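The values are calculated or read from the model by the stated rules, or taken from the named source; none is laboratory data. Treat the numbers as computed from the prediction; the structure is a model and nothing was measured. Note that we place each Cβ from the backbone using ideal geometry, even for glycine, and neighbour counts take in every protein chain shown.
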Amino acid sequence: MAKIFCIANQKGGVGKTTTTVNLAAGLSQLKQRVLVIDLDPQGNATMGSGIDKRKLETTVYDVLLETSTIPDACQRSEKGGYDVVGANRELAGAEVELVKLERRDQRLKTALAPVFDAYDFVLIDCPPSLSLLTLNGLCSADGVVVPMQCEYFALEGLSDLVNTIKQVHANLNKTLKVIGLLRVMFDPRITLQQQVSEQLKTHFGDKVFETVIPRNVRLAEAPSYGVPGVVFDPASKGALAFVAFAQEMINRTSAAAISAPVQSTSL
Ligand code: ADP
Ligand code: MG
């Protein structure tokens, strides 16, 4: 049965989409069956998976409005080795339309139920907001992966996200939890980044993933070729880090790990 994860952080440009597509490609290389849901109207995860968002006939917008299903709306990322339900600007309108509808925060969860057995992992690339779209993601998910840069303001905004996750956990989705914080775009030569990284570990303990994703230009170049960095340059440091992260996700989210007692952390 699929394990479902949101890649979320309401800040823009922190590495959510890069994490989504490269984790998907890394998991695929480790023989996992993966579905990516692009919940961001920018459609970057769609394009970064080699699917042209301007040519999509059905998108996650149709899935949320229940005029299509996930099997009908999804396409194969041939290069990435996973399936994608794509998004484009049309999705921005879903926010307004969903407000009027019943079960507006449960639409994605309902749509995912029939494909549970078809995948091992579902990864949801969230938009940079705590909107109704993100809420649909959080209501569907078993857990949240939070990419963050080790900068001075890294923790700012984290409490808003954690509070939202706690509220969703309390009221809408009892299984939701923070799986971990992922340090991304890391440059070990910068002392401040090392310090913030250490602070994160002190504060959040093993809620911080062991794998660190380095700043690596190959990861930034890959989207313009419509290929995840993991496939674009498999020997690059960024690609190797994402494959290691994929293995860490498999280990951390195996049935045994998920049922382990909650760690002593405030997340
Ligand atoms: P988000 O989805 O949170 O807005 P992105 O994944 O689109 O963030 O990343 C923002 C920018 O940073 C993009 O241009 C991306 O290519 C670049 N980027 C992300 N991760 C890395 C990395 N590890 N090394 C170098 N550039 C990166
Ligand atoms: Mg993005």
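Checked against the criterion of being within 16 Å of ligand 2 (Cβ to nearest atom) and under 12 Å from CYS126 (Cα atoms), the stretch 22-37 has at least one qualifying residue.
Counting only helices (runs of 4 or more DSSP H) that sit wholly inside the stretch 149-226, those with at least 3 residues that are modelled with pLDDT of 95 or more and within 30 Å of ARG107 (Cβ to Cβ) are 158-171.
Of LEU23, LEU30, LEU56, which residue is more than 27 Å from VAL96 (Cα to Cα), surrounded by fewer than 23 Cβ atoms within 10 Å (Cβ to Cβ) and either free of Cβ contacts under 8 Å to residues at least 12 places away in the same chain or hydrophobic (A, V, I, L, M, F, W, C) (or both)?
Selected residue: LEU30, the only one of LEU23, LEU30, LEU56 that is more than 27 Å from VAL96 (Cα to Cα), surrounded by fewer than 23 Cβ atoms within 10 Å (Cβ to Cβ) and either free of Cβ contacts under 8 Å to residues at least 12 places away in the same chain or hydrophobic (A, V, I, L, M, F, W, C) (or both).
Among residues belonging to the stretch 59-74 that are buried (at least 19 other Cβ atoms within 10 Å of the Cβ) and of a type outside the set (A, V, I, L, M, F, W, C), point out the one that is farthest from the chain's Cα centre (by Cα). Ranking the candidates gives SER68 first.
Among the residues of the stretch 41-48, some residue qualifies, meaning at least one is surrounded by 21 or more Cβ atoms within 10 Å (Cβ to Cβ), within 13 Å of ligand 2 (Cβ to nearest atom) and of a type in the set (S, T, N, Q).
If you go through the stretch 67-79 one residue at a time, do you hit one that is modelled with pLDDT of 95 or more and touching a Lys or Arg at 6+ places or on another chain (Cβ under 9 Å)? No - not one qualifying residue is present in the stretch 67-79.
Answer yes or no as to whether GLU210 is under 16 Å from VAL243 (Cα atoms) and surrounded by fewer than 17 Cβ atoms within 10 Å (Cβ to Cβ). Break it down into steps so the answer makes sense when it comes.
Values: under 16 Å from VAL243 (Cα atoms): yes; surrounded by fewer than 17 Cβ atoms within 10 Å (Cβ to Cβ): yes.
So GLU210 fits the description; yes.
Filtered by the rule that a residue be more than 23 Å from GLN42 (Cα to Cα), part of a helix (DSSP H, G or I) and of a type outside the set (Gly, Ala, Ser), the stretch 98-126 gives THR110, PRO114, VAL115, PHE116, ASP117. Where the second residue is of a type in the set (Asp, Glu) and the first is within 12 Å of ligand 2 (Cβ to nearest atom) and lies in the stretch 117-128, which pairs have Cβ atoms under 6 Å and are six or more apart or on separate chains? The qualifying pairs are ASP125/ASP38; ASP125/ASP40; PRO127/ASP40. Within the stretch 133-161, the set of residues being without any contact (Cβ under 8 Å) to a residue 60 or more places away in the chain and surrounded by fewer than 17 Cβ atoms within 10 Å (Cβ to Cβ) comprises GLU151, TYR152, PHE153, LEU155, GLU156, SER159.
All conditions but one from (1) within 16 Å of ligand 1 (Cβ to nearest atom); (2) in contact with a Leu (Cβ under 9 Å, 6 or more places away or on another chain); (3) not polar (S, T, N, Q) apply to GLU156; the one that does not is (2).
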